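Structure first, commentary second.
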Protein chains: 2
Amino acid sequence: MTILEQMGERARAAARVLACAGSRQKDEALRQIARAFREEKAVILAANREDIERAKADGMTPSLLDRLTLTPQRLEGMAAGAEEVAAQPDPVGRVLEGGKRPNGLLIEKITVPLGVIGMIYESRPNVTGDAAVLCLKAGNAVILRGGKEAFSSNRAIVRVMQEALSRAGLPWDSVQLVEDTSRRSAVEMMELTGYLDVLIPRGGAGLIRSVVENARVPVIETGVGNCHVYVDKDADIDLAAAVIENAKTSRPSVCNAIETILVHQEIAERALPVIAEKLEPHHVELRACERAQKILPQAVPARNEDWETEYLDLILAVRVVDDIEEALSHIARYGSGHSEAIITRDYAAAEDFLNRVDAAAVYVNASTRFTDGGEFGLGAEIGISTQKLHARGPMGLQQLTTTKFLVRGSGQIR
Amino acid sequence: MTILEQMGERARAAARVLACAGSRQKDEALRQIARAFREEKAVILAANREDIERAKADGMTPSLLDRLTLTPQRLEGMAAGAEEVAAQPDPVGRVLEGGKRPNGLLIEKITVPLGVIGMIYESRPNVTGDAAVLCLKAGNAVILRGGKEAFSSNRAIVRVMQEALSRAGLPWDSVQLVEDTSRRSAVEMMELTGYLDVLIPRGGAGLIRSVVENARVPVIETGVGNCHVYVDKDADIDLAAAVIENAKTSRPSVCNAIETILVHQEIAERALPVIAEKLEPHHVELRACERAQKILPQAVPARNEDWETEYLDLILAVRVVDDIEEALSHIARYGSGHSEAIITRDYAAAEDFLNRVDAAAVYVNASTRFTDGGEFGLGAEIGISTQKLHARGPMGLQQLTTTKFLVRGSGQIR
């Protein structure tokens, strides 16, 4: 048995206990974890400083260093997050449907934990706490495999959580950290069939692609977002400009930010200068198709690969389209099925866009930046699924459960 | 572009049309298909005879020949099935949840088609009609890859469906058949990312294992069932014997049949002879653990691999256990998460078993043979999922859909 298989075995045993733990006990464990994050602040921050010093010596970029850094505020955020999750309703044990069959069998479909969840993620150590807390609330054991840069921080956070779980009478192995942070351990996790019920990668496009292509265990694909705003021919131009500014610049590095705008030819001449002016103070680089460039001479010419690029940066591709059909075709071809928006005052165009765009979230007259568990009212979020099976869009606690059928009989045979 | 990629491209185009087709049009198409199955009976049966003659020349076993054979009754079953599916409620366009957010955004989660479904299956040509009809009702395009033995039958059935779809104004390419029935085409389908939204294998354990291990597209694992009946210490022995007889012998070749019984030591001496007597007329071979063999001297000694074998035959493994804990451990270790039953008169044991067994369907005092879409009241069934993501247990029309969030705003930014 490899080390990971041994961890898997222990996780399965822990999952059997967690699956039968009541809400009260799970919530108490989460509050213990919150308390421990606060009480063990010094230990966790000291471990984080080790990671930071190592990263600085290795010449890590400032933006990655920022992601790696735990501050007292971020730690307090993890603690408060655990308390908020504790306060949410238990996603386990809900009766979703059911009733008596003609033969007298009483059949109920109820929610149950998934079992053992694997998480592969990159440098942000607060994911360690946030993700584990959500998995635990839904009655799952979790095996975490963070990035090597954050290893000391992750180890300290997991240790603190394990001790808190023990105090609450739940298994130590409910949360485990993979100590080997080499690429080998990630690959081994992707092949841990029989132990992992699902693997959730969180991180950049490269990590997610690698997991989707190589995993033999079921995967939930998260987070790649090539999102569009389509400005219809009779859009409110100021509203369009405000939404585009927000969707592009409020946080360009996240998956629900937009990468391309599509503008109806009849409104392009009036709308594009207003939009460009709104983006100007944010120093957004515009990459425009030929027609758009005639209106925006300051823009760089767009190349074909611009339509398929998730910049995650202050860059915006701009394309003038003949009509809504061309916009829908463009989105069907280049969109990643994350979040798409139309800006229009026309009822039929709005409904057409809502019906025909195939994406996790489709918007009329609002910023794509709202695609988020908290904003959608799902509570804390484990990620945003861009696949269609099991979960699509922001995933809350409910998406960390599966179902089982309970069948109560009195000797029925078929 | 490979042939399969071209088929995928055409399927995606068809799926975009199907996704926006109304219930009335889809149901009319299904009724047209039913009518065509009846009117083109001679054509389909002639094609089937080609397959049968080829199979006979190749020395196919009688039981496989039976699966391959279409009779007028089986064809009528396909037609009636299409009509029944047409009569079911549309699974697409249901509002599952939603409401106004504090910022005025109206968010709704609705059901939408998955998109393009791939099916890989073996020799039964009626699966071609039954599966396609379910996919269409849920607004999906489907690419079918049946076994080479049934190729002529499948081609005739698909052609008849395509013509019926055209008559109803739906795209010809809504249903396509892969003409290459070599192993290569199956592998290519498993890697058809970007075209297939899900791949559903239906067939023997070997096919399903191969798909689960090799597929890069999302898969729904179906149909492997290593199911148990546990006879608790104060079970009604006659009820236990009747349920075991039914679960083992009513149709031993299907996944919801049982393979092993676990009997509490305190009842084993009284129960096992009654059970054995009930099974005797069916010529069930018993493979018993040491303790069980002392009670059933006629049984063959069980070996360790018996506990993990899905016989799909008139063979039953028998194990005496110390208590319910040992039964639960055995099921956790060897069960495939399909269907598990306890026979008991004890309330606490029944609830304990329902809570702690991790399977798609858990029974008290009833036969595992009820794990079936029709028996559960889900209507027609596309398969029985033994995985935990997306769908678990019998899958009806609803499991062939995904969701999307519709967000209606008035200029909201974040």
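The values are calculated or read from the model by the stated rules, or taken from the named source; none is laboratory data. Just so you know, these numbers come straight off a predicted model, no measurement behind them. Virtual Cβ from ideal backbone geometry, glycine too; neighbours counted across all protein chains shown. Only protein heavy atoms, including side chains, enter the accessible area calculation; ligands, DNA and RNA are left aside. Shrake-Rupley method; radii C 1.70, N 1.55, O 1.52, S 1.80 Å.
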Problem set entry | Residues of the stretch B:287-306 that turn out to be open to solvent by 20 Å² or more (accessible area, probe 1.4 Å) and within 27 Å of B:G206 (Cβ to Cβ), as a count | 6
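Looking at the structure I just gave you, is A:V127 surrounded by 17 or more Cβ atoms within 10 Å (Cβ to Cβ) and more than 14 Å from every other protein chain (Cβ to nearest Cβ)? Walk me through it before giving the result.
Details: surrounded by 17 or more Cβ atoms within 10 Å (Cβ to Cβ): yes; more than 14 Å from every other protein chain (Cβ to nearest Cβ): yes.
Answer is yes for this residue.
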For this session: Under 6 Å between Cβ atoms, at least 6 apart or on separate chains: pull out the pairs that start in the stretch A:129-148 with a residue that is in a helix (DSSP H, G or I) and end on any residue that is of a type in the set (S, T, Y) and open to solvent by 10 Å² or more (accessible area, probe 1.4 Å).
Result: A:K148/A:T181
For this session: Determine which single condition A:G59 fails, assuming it passes every other condition in (1) assigned to a helix (DSSP H, G or I); (2) open to solvent by less than 70 Å² (accessible area, probe 1.4 Å); (3) farther than 30 Å from A:I110 by Cα; (4) not polar (S, T, N, Q).
Result: (1)
Exercise. Using beta carbons and a limit of 7 Å, which pairs, at least six apart or on different chains, have the first residue in the stretch B:215-226 and more than 18 Å from B:E340 (Cβ to Cβ) and charged (D, E, K, R) and the second one open to solvent by 20 Å² or more (accessible area, probe 1.4 Å) and not in a loop (DSSP other than H, G, I, E, B)?
Worked result: B:R216/A:E213
Seminar exercise, completed: A:A150: passes all of (1) closer than 26 Å to B:R356 by Cβ; (2) at pLDDT 95 or above but (1)
Exercise. Among B:E305, B:E259, B:E245, which is the only one that is within 27 Å of the chain's Cα centre (by Cα), acidic (D, E), more than 14 Å from chain A (Cβ to nearest Cβ) and under 18 Å from B:R369 (Cβ atoms)?
Worked result: B:E259
Exercise. Just one of the numbered conditions (1) more than 25 Å from the chain's Cα centre (by Cα); (2) within 18 Å of A:A150 (Cβ to Cβ) is not true of A:G22; which one?
Worked result: (2)
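One line per residue, one yes/no per condition, for (1) over 27 Å from A:D180 (Cα atoms); (2) β-branched (V, I, T):
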| site | (1), (2) |
| --- | --- |
| A:V43 | no, yes |
| A:R49 | no, no |
| A:R54 | no, no |
| A:A80 | yes, no |
| A:E83 | yes, no |
| A:D90 | yes, no |
| A:G99 | yes, no |
| A:L105 | yes, no |
| A:L134 | no, no |
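Looking at the stretch B:130-148, which of its residues are among the aliphatic types (A, V, I, L, M) and more than 14 Å from every other protein chain (Cβ to nearest Cβ)? Before you say what the answer is, go through the steps one by one.
Within the stretch B:130-148, the subset among the aliphatic types (A, V, I, L, M) is B:131-134, B:136, B:138, B:141-144.
Matches in the stretch B:130-148: B:A131, B:A132, B:V133, B:L134, B:L136, B:V142, B:I143, B:L144.
Quick one: count up the residues across the stretch A:345-373 that are open to solvent by 40 Å² or more (accessible area, probe 1.4 Å) and more than 8 Å from chain B (Cβ to nearest Cβ). Can you show your working first?
To start, the set of residues in the stretch A:345-373 that are open to solvent by 40 Å² or more (accessible area, probe 1.4 Å) comprises A:345-348, A:351-352, A:355-356, A:358.
Narrowing further to those that are more than 8 Å from chain B (Cβ to nearest Cβ): A:345-348, A:351-352.
Total satisfying the criteria: 6.
Whether any residue in the stretch A:101-111 is within 14 Å of chain B (Cβ to nearest Cβ), free of Cβ contacts under 8 Å to residues at least 12 places away in the same chain and open to solvent by 10 Å² or more (accessible area, probe 1.4 Å) is what I want to check.
From the stretch A:101-111, those within 14 Å of chain B (Cβ to nearest Cβ) are A:101-111; that's our starting set.
Still in the running and free of Cβ contacts under 8 Å to residues at least 12 places away in the same chain: A:101-102.
Still in the list and also open to solvent by 10 Å² or more (accessible area, probe 1.4 Å): A:101-102.
Among the residues of the stretch A:101-111, at least one is within 14 Å of chain B (Cβ to nearest Cβ), free of Cβ contacts under 8 Å to residues at least 12 places away in the same chain and open to solvent by 10 Å² or more (accessible area, probe 1.4 Å), which makes the answer yes.
Would you confirm whether any residue within the stretch A:319-334 is in contact with a Gly (Cβ under 9 Å, 6 or more places away or on another chain), more than 20 Å from B:L18 (Cβ to Cβ), modelled with pLDDT of 95 or more and within 14 Å of chain B (Cβ to nearest Cβ)?
Scanning the stretch A:319-334, I find no residue that is in contact with a Gly (Cβ under 9 Å, 6 or more places away or on another chain), more than 20 Å from B:L18 (Cβ to Cβ), modelled with pLDDT of 95 or more and within 14 Å of chain B (Cβ to nearest Cβ), so the answer is no.
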Problem set entry | Filtered residue count, the stretch A:17-34, keeping only those that are buried (at least 18 other Cβ atoms within 10 Å of the Cβ) and under 17 Å from A:W172 (Cβ atoms) | 9
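Can you tell me how many residues within the stretch B:376-414 are at the interface with chain A (Cβ under 7 Å from one of its Cβ atoms) and either within 17 Å of B:I220 (Cβ to Cβ) or in contact (Cβ under 8 Å) with a residue 12 or more places away in the chain (or both)? Break it down stepwise before answering.
So in the stretch B:376-414, the residues at the interface with chain A (Cβ under 7 Å from one of its Cβ atoms) come out as B:376-377, B:387-390, B:392-393, B:402-414.
Next cut, either within 17 Å of B:I220 (Cβ to Cβ) or in contact (Cβ under 8 Å) with a residue 12 or more places away in the chain (or both) only: B:376, B:387-390, B:392-393, B:402-410, B:412.
Total meeting the criteria: 17.
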